[in-house]
Structure formats: structure tokens, C-alpha cells
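Report on one structure; see the data block that follows.
What follows is calculated from the coordinates using simple rules that are stated; it is not laboratory data. Quantities reported herein were computed from a predicted structural model and do not represent experimental measurements. Here the Cβ is made from the backbone with ideal geometry for all residues, glycine too, and neighbour counts use every protein chain on show.
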Ligand SMILES: [Zn+2]
């Protein structure tokens, strides 16, 4: 269960769109609210925004190589042939702003399953470019799993984790060795258990962090 950030109703996780980077792996808004906001945003676009959007897609098309364009045309032709029976439905849905979210979720799931390699490669590529965010999300997920994620100041905790991860890289470069983002009071200590919260974070050499285990030891902190 999770409370939707818009309608404030507690709903089961299936009623939220998946978001690997989100808390509990889902978006902040429930599907209903999310779609409502999306439709509103599209409807309320100013004429300039509409022109901007179409200019953007025109620019994207113009930047495509002839092979890419040909591949796109082929893909679209194939798609139309395969989905000819449904095209009318799709058109009506697009016009009314209605989407069968269940179908879409199923479709995405199937696509991910069939394109596992592609998804993994994309994710690896993203991880390489965003090392600090990787630390951030691993920490968040881990804290969530251990039920040690402080519910207050979450945005600040995220920011401090990102900064700490950047500091780890900086120190590794300047001083050598590996550095970890660590908790002053460990999340699962023998005597006390700490929380994943901004003022319980520190940057430690990996060696110290590993030898420290889950001991709470003020000499190190
Ligand atoms: Zn909602």
C-alpha cells in the first residue's frame, strides 16, 4: 500500500505505474491521478507550447539519417499492417485521451521480457553515466527493504546521498582507494539501529566500512 501524493488515498501498489527509481518502485501519483494530470497538461498546453512540440519533432525528423527514416517508415508500415484491426480503436482513444492502461502495461511487460538484452544494456549505459544516482537508489532501496528509511526530509536525504557519492569519487581520485557512503549509526546495529536519513550519513574508506560491519563505534564516526 502507498498513499498517492495527489488524492492522498492509500492504494495497493498495482494501482501505481512502475517507476524503478521511485520509492517502493512506483510513481508518486496513482494511475488515475497520473493520467488525469497528463491529460490536463496536454489539454492546457499554450499555442506556443504546441508549436514548440511540433517544431521539436520536426527537428528530430530532420536530424534523422535516410536509413533511420527508412527503418522508421518500414516499422510503421509493418505496425499498421499488424494492427489494422485495432487502428480505429487506437485513433478513437487518442482522440478522447483514453488509454487502456492495462493493455499498455501488459505490452510494456512483454516488450521488456523480449528485449532483456536491450534493457540491460540501456541500464548499464545509464549506470555508467550516473554513478552517484546508482549509489542513491541502491541506498534508498536497501533502506526501504530494512524498513529504515526516514519518512521526513526525504528530498534532503536524497540530495545528501548524491553529494556523499560525489565526495566518494572525489576522494578516490585525490587520495586513492575506494570510499563508501556509510551510516554513522548502522541500519541494523547490534545495540541500536539507525535510519537512512541525511544526518546519519558519512563517507568512509571502504576498508574501514567493511571492517566496521554493523558496529556502532564513535571513534570512527
Ligand atoms: Zn491518486
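Both radii are taken from the alpha-carbon atoms of the range 33-94; with Rh as the Kirkwood radius, Rg/Rh is 1.08. On a 0 to 90 degree scale, rounded to 10, what angle separates helix 116-129 from the longest Cα axis of the chain? Approximately 50 degrees, to the nearest ten. Largest first, the three principal axis extents of the alpha carbons in the range 1-56 are 41, 22, 13 Å in whole numbers. Three semi-axes describe the equivalent ellipsoid of the range 80-207; taken as square roots of 5 times the Cα gyration tensor eigenvalues and ordered largest first, they are 43, 19, 13 Å. Annotation: peptides 112-122, 150-160, ranked by per-residue average of other Cβ atoms within 10 Å with the highest first, follow the order 150-160, 112-122. Computed from Cα atoms, the angle from the helix 31-43 axis to the main principal axis of the chain rounds to 60 degrees. Our helix-only sum for the chain, with -39,500 (n - 2.57) per DSSP H run of n ≥ 4 divided by its residues, gives a mean residue ellipticity at 222 nm of -19000 deg cm²/dmol. Applying the Kirkwood pairwise sum to the alpha-carbon positions of the range 48-144 produces a hydrodynamic radius of 17.5 angstrom. Anisotropy class assigned to the range 115-165 is oblate, per the alpha carbon gyration tensor with a/c at or over the 1.5 cut-off and a/b no larger than b/c. Computed over the range 1-160, relative contact order equals 14 percent, with contacts defined as Cα pairs under 8 Å that lie 6+ residues apart.
GNM on the chain, C-alpha springs below 10 Å: top fluctuator among 167, 201, 69? Sorting by GNM fluctuation, first place goes to 69.
Translational diffusion of the chain, estimated by Stokes-Einstein from the Kirkwood radius over alpha carbon pairs at 20 °C in a medium of 1.002 mPa s, is 99 µm² per second. With respect to the chain, whose longest principal axis is taken over its alpha-carbon atoms, helix 47-63 is tilted by about 90°.
Evaluated at q = 0.19, 0.22 Å⁻¹, a Debye calculation over the C-alpha positions of the range 1-116 (equal weights, vacuum) places log10 I(q)/I(0) at -1.29, -1.27.
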